[in-house]
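Asker: First, the structure itself, so that you have it in front of you.
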Amino acid sequence: MTTPVEMTIQKLRDLGFFQFILPYMLTAAIIYGALRKSKLFGEPDRNITVNGVIALVIAFMVWAYPIIAGVDVEAKLATFFAQGMAATLVIMLGLIISGLFLPPDLPKFIGDKIKSGKGLSVLLVVGGLIGFTVLITSGLVNIFLPQGFNLGGTGEDWTGVIVLAGLMVGSVALIAFMGGGFGGKKE
(Lines give C-alpha, C1' and ligand atoms only; values in the text may rest on other atoms or scores of the structure.)
Protein backbone atom coordinates (compact mmCIF):
# COMPACT_ATOMS: atom_id res chain seq x y z
CA MET A 1 0.00 0.00 0.00
CA THR A 2 1.39 3.36 -0.99
CA THR A 3 1.25 6.35 1.28
CA PRO A 4 -0.01 9.78 0.17
CA VAL A 5 3.56 11.10 0.25
CA GLU A 6 4.75 8.31 -2.07
CA MET A 7 1.85 8.97 -4.46
CA THR A 8 2.59 12.72 -4.46
CA ILE A 9 6.28 12.15 -5.17
CA GLN A 10 5.42 9.72 -7.98
CA LYS A 11 2.98 12.23 -9.53
CA LEU A 12 5.59 14.98 -9.32
CA ARG A 13 8.10 12.63 -10.94
CA ASP A 14 5.64 11.86 -13.74
CA LEU A 15 5.23 15.60 -14.34
CA GLY A 16 9.02 16.06 -14.66
CA PHE A 17 9.34 17.98 -11.43
CA PHE A 18 12.60 16.29 -10.39
CA GLN A 19 14.02 16.00 -13.89
CA PHE A 20 13.50 19.59 -15.01
CA ILE A 21 11.73 21.99 -12.65
CA LEU A 22 13.84 21.58 -9.49
CA PRO A 23 17.21 21.56 -11.32
CA TYR A 24 16.03 24.56 -13.37
CA MET A 25 15.06 26.52 -10.24
CA LEU A 26 18.33 25.64 -8.49
CA THR A 27 20.44 26.66 -11.50
CA ALA A 28 18.52 29.91 -11.95
CA ALA A 29 19.00 30.80 -8.27
CA ILE A 30 22.73 30.07 -8.37
CA ILE A 31 23.25 32.09 -11.56
CA TYR A 32 21.14 34.96 -10.24
CA GLY A 33 23.17 35.04 -7.04
CA ALA A 34 26.43 34.96 -8.99
CA LEU A 35 25.27 37.82 -11.23
CA ARG A 36 24.29 39.93 -8.22
CA LYS A 37 27.55 39.23 -6.42
CA SER A 38 29.73 39.91 -9.47
CA LYS A 39 27.85 43.14 -10.29
CA LEU A 40 28.45 42.31 -13.96
CA PHE A 41 25.60 44.57 -15.11
CA GLY A 42 26.05 47.30 -12.51
CA GLU A 43 24.60 47.71 -9.05
CA PRO A 44 22.37 44.71 -8.18
CA ASP A 45 19.54 46.86 -6.81
CA ARG A 46 19.22 48.70 -10.11
CA ASN A 47 19.43 45.63 -12.38
CA ILE A 48 17.16 43.10 -10.71
CA THR A 49 15.20 42.49 -13.92
CA VAL A 50 18.27 42.10 -16.13
CA ASN A 51 19.94 39.69 -13.71
CA GLY A 52 16.69 37.74 -13.31
CA VAL A 53 15.99 37.40 -17.03
CA ILE A 54 19.57 36.35 -17.79
CA ALA A 55 19.53 33.79 -14.95
CA LEU A 56 16.22 32.30 -16.13
CA VAL A 57 17.33 32.08 -19.77
CA ILE A 58 20.68 30.50 -18.92
CA ALA A 59 19.03 28.00 -16.56
CA PHE A 60 16.45 27.08 -19.20
CA MET A 61 19.13 26.57 -21.85
CA VAL A 62 21.25 24.49 -19.46
CA TRP A 63 18.40 22.17 -18.51
CA ALA A 64 16.97 21.93 -22.02
CA TYR A 65 20.15 20.11 -23.08
CA PRO A 66 19.49 16.85 -21.17
CA ILE A 67 15.96 16.68 -22.59
CA ILE A 68 17.07 17.43 -26.15
CA ALA A 69 20.02 15.02 -25.90
CA GLY A 70 17.89 12.35 -24.24
CA VAL A 71 19.99 12.18 -21.06
CA ASP A 72 18.16 11.20 -17.88
CA VAL A 73 19.50 13.38 -15.09
CA GLU A 74 16.83 12.68 -12.51
CA ALA A 75 18.42 9.62 -10.88
CA LYS A 76 21.95 11.00 -11.27
CA LEU A 77 21.09 14.30 -9.57
CA ALA A 78 19.27 12.53 -6.75
CA THR A 79 22.28 10.25 -6.25
CA PHE A 80 24.67 13.22 -6.42
CA PHE A 81 22.82 15.21 -3.76
CA ALA A 82 22.34 12.16 -1.51
CA GLN A 83 26.04 11.27 -1.70
CA GLY A 84 27.02 14.91 -1.22
CA MET A 85 24.86 15.10 1.89
CA ALA A 86 26.39 11.85 3.18
CA ALA A 87 29.90 13.26 2.63
CA THR A 88 28.91 16.45 4.45
CA LEU A 89 27.53 14.45 7.39
CA VAL A 90 30.75 12.39 7.59
CA ILE A 91 32.80 15.61 7.68
CA MET A 92 30.54 17.07 10.38
CA LEU A 93 30.80 13.87 12.42
CA GLY A 94 34.59 14.00 12.05
CA LEU A 95 34.59 17.59 13.32
CA ILE A 96 32.41 16.63 16.28
CA ILE A 97 34.68 13.73 17.21
CA SER A 98 37.84 15.80 16.70
CA GLY A 99 36.31 18.41 18.99
CA LEU A 100 36.79 15.93 21.80
CA PHE A 101 40.57 15.90 21.32
CA LEU A 102 41.41 19.37 19.97
CA PRO A 103 41.51 22.64 21.93
CA PRO A 104 38.20 23.96 23.34
CA ASP A 105 37.72 26.70 20.72
CA LEU A 106 37.61 24.40 17.66
CA PRO A 107 36.30 26.98 15.11
CA LYS A 108 39.10 29.43 16.02
CA PHE A 109 41.70 26.62 15.92
CA ILE A 110 40.56 25.44 12.49
CA GLY A 111 40.29 29.03 11.24
CA ASP A 112 43.88 29.75 12.28
CA LYS A 113 45.12 26.61 10.51
CA ILE A 114 43.18 27.43 7.33
CA LYS A 115 44.47 31.00 7.22
CA SER A 116 47.95 29.70 6.65
CA GLY A 117 48.63 28.94 2.98
CA LYS A 118 49.28 25.27 3.68
CA GLY A 119 46.00 24.80 5.57
CA LEU A 120 43.98 26.40 2.78
CA SER A 121 45.74 24.24 0.19
CA VAL A 122 44.97 21.10 2.17
CA LEU A 123 41.34 22.13 2.51
CA LEU A 124 41.04 22.80 -1.23
CA VAL A 125 42.68 19.49 -2.16
CA VAL A 126 40.51 17.47 0.21
CA GLY A 127 37.34 19.30 -0.87
CA GLY A 128 38.24 18.82 -4.53
CA LEU A 129 38.86 15.10 -4.01
CA ILE A 130 35.56 14.65 -2.19
CA GLY A 131 33.65 16.63 -4.84
CA PHE A 132 35.30 14.78 -7.72
CA THR A 133 34.58 11.42 -6.08
CA VAL A 134 30.90 12.27 -5.56
CA LEU A 135 30.67 13.55 -9.15
CA ILE A 136 32.08 10.31 -10.57
CA THR A 137 30.33 7.83 -8.29
CA SER A 138 26.92 9.46 -8.80
CA GLY A 139 27.25 9.08 -12.58
CA LEU A 140 26.74 12.81 -13.06
CA VAL A 141 30.12 13.12 -14.78
CA ASN A 142 28.62 11.29 -17.79
CA ILE A 143 26.51 14.35 -18.55
CA PHE A 144 29.66 16.39 -19.17
CA LEU A 145 31.33 13.72 -21.32
CA PRO A 146 30.38 13.05 -24.96
CA GLN A 147 27.92 10.29 -25.78
CA GLY A 148 29.56 6.87 -25.82
CA PHE A 149 32.62 8.06 -23.89
CA ASN A 150 33.69 5.62 -21.26
CA LEU A 151 36.05 6.61 -18.47
CA GLY A 152 39.41 5.39 -19.76
CA GLY A 153 37.79 2.70 -21.88
CA THR A 154 36.94 0.73 -18.74
CA GLY A 155 33.71 -0.89 -17.74
CA GLU A 156 31.40 0.29 -14.98
CA ASP A 157 33.01 -2.19 -12.56
CA TRP A 158 36.38 -0.47 -12.87
CA THR A 159 35.14 3.06 -12.18
CA GLY A 160 35.00 2.46 -8.42
CA VAL A 161 38.48 0.94 -8.48
CA ILE A 162 39.86 3.96 -10.35
CA VAL A 163 38.20 6.36 -7.90
CA LEU A 164 39.51 4.42 -4.90
CA ALA A 165 43.04 4.33 -6.34
CA GLY A 166 42.84 8.09 -6.99
CA LEU A 167 41.76 8.69 -3.40
CA MET A 168 44.62 6.58 -2.10
CA VAL A 169 47.19 8.41 -4.22
CA GLY A 170 45.62 11.75 -3.28
CA SER A 171 45.72 10.97 0.44
CA VAL A 172 49.38 9.92 0.24
CA ALA A 173 50.18 13.13 -1.66
CA LEU A 174 48.24 15.12 0.94
CA ILE A 175 50.17 13.53 3.81
CA ALA A 176 53.47 14.15 2.03
CA PHE A 177 52.46 17.75 1.34
CA MET A 178 51.48 18.43 4.93
CA GLY A 179 54.84 17.25 6.18
CA GLY A 180 54.51 17.09 9.93
CA GLY A 181 50.75 17.64 10.05
CA PHE A 182 49.12 20.15 12.41
CA GLY A 183 51.34 19.25 15.32
CA GLY A 184 54.64 19.62 13.41
CA LYS A 185 57.40 22.09 14.28
CA LYS A 186 57.11 25.62 13.01
CA GLU A 187 60.16 27.18 11.46
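The values are calculated or read from the model by the stated rules, or taken from the named source; none is laboratory data. What you see is a predicted model; the values in this text were computed from it and never measured. We place every Cβ from the backbone using ideal geometry, glycine too, and count neighbours over all the protein chains shown.
Asker: For region 60-79, enumerate the residues that are among the acidic types (Asp, Glu) and in a helix (DSSP H, G or I). I'd like the intermediate steps shown before the answer.
Answerer: Of region 60-79, the ones among the acidic types (Asp, Glu) are 72, 74.
GLU74, the sole residue that qualifies.
Asker: Can you name every residue in region 124-148 that is surrounded by 11 or more Cβ atoms within 10 Å (Cβ to Cβ) and at pLDDT below 75?
Answerer: ASN142, ILE143
Asker: Within region 1-27, which residues are of a type in the set (A, V, I, L, M, F, W, C) and either surrounded by 13 or more Cβ atoms within 10 Å (Cβ to Cβ) or part of a loop (DSSP other than H, G, I, E, B) (or both)? So that I can check it myself, show each step before the final result.
Answerer: In the first step, residues of region 1-27 are kept if they are of a type in the set (A, V, I, L, M, F, W, C); the result is 1, 5, 7, 9, 12, 15, 17-18, 20-22, 25-26.
Hits for region 1-27 are MET1, ILE9, LEU12, LEU15, PHE17, PHE18, PHE20, ILE21, LEU22, MET25, LEU26.
Asker: Okay, moving on. Just a yes or no: is a residue in region 77-100 of a type outside the set (Gly, Ala, Ser) and either touching a Phe, Trp or Tyr at 6+ places or on another chain (Cβ under 6 Å) or outside the structural domain of VAL141 (by TED's automatic domain parsing) (or both)? Write out each step before concluding.
Answerer: Pass one, region 77-100, residues of a type outside the set (Gly, Ala, Ser): 77, 79-81, 83, 85, 88-93, 95-97, 100.
Now drop any that are not either touching a Phe, Trp or Tyr at 6+ places or on another chain (Cβ under 6 Å) or outside the structural domain of VAL141 (by TED's automatic domain parsing) (or both), which leaves none.
For region 77-100, residues of a type outside the set (Gly, Ala, Ser) and either touching a Phe, Trp or Tyr at 6+ places or on another chain (Cβ under 6 Å) or outside the structural domain of VAL141 (by TED's automatic domain parsing) (or both): absent.
Each row is one residue, and each column tells you yes or no for (1) in contact with a helix residue (DSSP H, G or I) (Cβ under 8 Å, 6 or more places away or on another chain); (2) free of Cβ contacts under 8 Å to residues at least 60 places away in the same chain; (3) more than 29 Å from ILE130 (Cβ to Cβ); (4) not in a helix (DSSP H, G or I).
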residue	(1), (2), (3), (4)
ILE31	yes, yes, no, no
GLY52	yes, yes, yes, no
PHE81	no, yes, no, no
LEU93	no, yes, no, no
ILE97	no, yes, no, no
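Here is a yes/no grid of residues against (1) exposed (fewer than 12 other Cβ atoms within 10 Å of the Cβ); (2) within 21 Å of GLN19 (Cα to Cα); (3) touching a Pro at 6+ places or on another chain (Cβ under 9 Å); (4) of a type in the set (Phe, Trp, Tyr):
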residue: ALA29; (1), (2), (3), (4): no, yes, no, no
residue: LEU40; (1), (2), (3), (4): no, no, no, no
residue: LEU56; (1), (2), (3), (4): no, yes, no, no
residue: GLU74; (1), (2), (3), (4): no, yes, yes, no
residue: PHE80; (1), (2), (3), (4): no, yes, no, yes
residue: VAL90; (1), (2), (3), (4): yes, no, no, no
residue: LEU100; (1), (2), (3), (4): yes, no, no, no
residue: PRO103; (1), (2), (3), (4): yes, no, no, no
